[in-house]
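Throughout, read-outs are computed from the coordinates displayed, never taken from laboratory work. Remember, it's a predicted structure, so these values are computed and weren't measured experimentally. Note that we place each Cβ from the backbone using ideal geometry, even for glycine, and neighbour counts take in every protein chain shown.
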Amino acid sequence: MEVLLILGYAVLLGLVAPYLTTRAGEYGTLVPPAVAAVTGSVIWVILTWVGFKYEEAWIWIIIMLVMPVVMIIASSRLAAARIHAREALKNS
């Protein structure tokens with residue numbers, strides 16, 4: 001059940017993502033929520049394995065802060081890589 005909350009939060013972040021980044025046209029619409037969902041799921045598994053309990057607030061706070069940060073960084077890097085590749089293709 002908790003994973004569904006993480007996926008819902010990833011969808012919400014995906015809806016907000018075009019307004020958070022400046023180059024949203026350089027990547028697909030589903031890339032930011034996919035990155036957020038994978039990040040949230042991996043962090044959830046790691047924190048559960050480390051010993052965090054689902055009822056504690058710390059696991060939720062960490063996930064709610066890490067997911068958007070990773071989503072923005074990954075989207076920005078993907079956009080920059082696509083711009084760089086396009087410019088390299090034009091120059092060659």
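Can you say whether L4 is in a helix (DSSP H, G or I) and loosely packed, with under 15 Cβ neighbours inside 10 Å, as far as the supplied structure shows? Walk me through how you get there before you give the answer.
Values: in a helix (DSSP H, G or I): yes; loosely packed, with under 15 Cβ neighbours inside 10 Å: yes.
For L4, the condition - in a helix (DSSP H, G or I) and loosely packed, with under 15 Cβ neighbours inside 10 Å - is met.
Any chance the range 64-87 includes a residue that's part of a helix (DSSP H, G or I), in contact (Cβ under 8 Å) with a residue 12 or more places away in the chain, farther than 13 Å from I6 by Cβ and among the acidic types (D, E)? Within the range 64-87, not a single residue is part of a helix (DSSP H, G or I), in contact (Cβ under 8 Å) with a residue 12 or more places away in the chain, farther than 13 Å from I6 by Cβ and among the acidic types (D, E).
Within the range 15-62, the set of residues being in contact (Cβ under 8 Å) with a residue 40 or more places away in the chain, assigned to a loop (DSSP other than H, G, I, E, B) and over 16 Å from L78 (Cα atoms) comprises Y54 only. Out of the residues in the range 63-78 that are of a type in the set (V, I, T) and buried (at least 16 other Cβ atoms within 10 Å of the Cβ), state the one that is nearest to I46 (Cα to Cα). Here the answer is I63.
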